[in-house]
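Chemist: Input: one structure, supplied below.
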Amino acid sequence: MQQQDRENVLAWAVYLNGAESQMMKAAEEMAEAAAAIIRLVNFRRSDSLEHVQEELADVRIMLDQIMPLVGVAPVKSFEDAKLVRLHKRLLAETRRRVNENHQLRGCTTSAEEIAAEAEIALSMSPTEYNRRGM
């Protein structure tokens, strides 16, 4: 579906069903997605993965409907702040693991070198990092 058509469909859903109704529906879809994820983790069945995918599609559709209702800019601001906080936690954990890895190999590495390696690690995907054998 084209982007403009998608936006129109989402806007009409809110217009016809009402903002409160769509917010409640969003909450229901999020609960269904959470339940599907729990089933996937607990039972690891291939049909569970498909169910998670379907429920996440529902959640994205509902989020796209309610975001304009609650304010896109404030949500984006919270999202950015939370990503910065997550990056800091990941950096600290990566530094700890790099340091631990260096100690296990008997390397003497300065805190600056460990910090630099951690920054390099977080600048790439985990797959790329592991592929490079870092």
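Chemist: So which of Leu63, Leu91 ends up being under 30 Å from Ala118 (Cα atoms), surrounded by 12 or more Cβ atoms within 10 Å (Cβ to Cβ), aliphatic (A, V, I, L, M) and in contact (Cβ under 8 Å) with a residue 24 or more places away in the chain?
Modeler: Working: Leu63 fails: under 30 Å from Ala118 (Cα atoms).
Going through Leu63, Leu91 in turn, just one is under 30 Å from Ala118 (Cα atoms), surrounded by 12 or more Cβ atoms within 10 Å (Cβ to Cβ), aliphatic (A, V, I, L, M) and in contact (Cβ under 8 Å) with a residue 24 or more places away in the chain: Leu91.
Chemist: For Thr127, indicate whether it is surrounded by fewer than 10 Cβ atoms within 10 Å (Cβ to Cβ), without any contact (Cβ under 8 Å) to a residue 40 or more places away in the chain and in a helix (DSSP H, G or I). Explain how you work it out, then say what you get.
Modeler: Values: surrounded by fewer than 10 Cβ atoms within 10 Å (Cβ to Cβ): yes; without any contact (Cβ under 8 Å) to a residue 40 or more places away in the chain: yes; in a helix (DSSP H, G or I): yes.
For Thr127, the condition - surrounded by fewer than 10 Cβ atoms within 10 Å (Cβ to Cβ), without any contact (Cβ under 8 Å) to a residue 40 or more places away in the chain and in a helix (DSSP H, G or I) - is met.
Chemist: Among the numbered criteria (1) over 25 Å from Asn8 (Cα atoms); (2) part of a helix (DSSP H, G or I); (3) under 17 Å from the mean Cα position of the chain (by Cα), which single criterion is violated by Met62?
Modeler: Only one criterion is unmet by Met62, namely (1).
Chemist: Sticking with this one: Within region 31-47, is even one residue at pLDDT 95 or above, assigned by TED's automatic domain parsing to the domain that holds Glu7 and within 22 Å of Glu7 (Cβ to Cβ)?
Modeler: Checked region 31-47: no residue is at pLDDT 95 or above, assigned by TED's automatic domain parsing to the domain that holds Glu7 and within 22 Å of Glu7 (Cβ to Cβ).
Chemist: Could you run through region 41-52 and say how many residues are touching a helix residue (DSSP H, G or I) at 6+ places or on another chain (Cβ under 9 Å) and surrounded by 11 or more Cβ atoms within 10 Å (Cβ to Cβ)?
Modeler: Of all residues in region 41-52, those touching a helix residue (DSSP H, G or I) at 6+ places or on another chain (Cβ under 9 Å) come to 41-42, 45, 48-49, 51-52.
Narrowing further to those that are surrounded by 11 or more Cβ atoms within 10 Å (Cβ to Cβ): 45, 48-49, 51-52.
Matching residues across region 41-52 total 5.
The values are calculated or read from the model by the stated rules, or taken from the named source; none is laboratory data. Just so it is clear, the model here is predicted, and its values are computed rather than measured. Cβ atoms come from the backbone with ideal geometry, glycine included; neighbour counts cover every protein chain shown.
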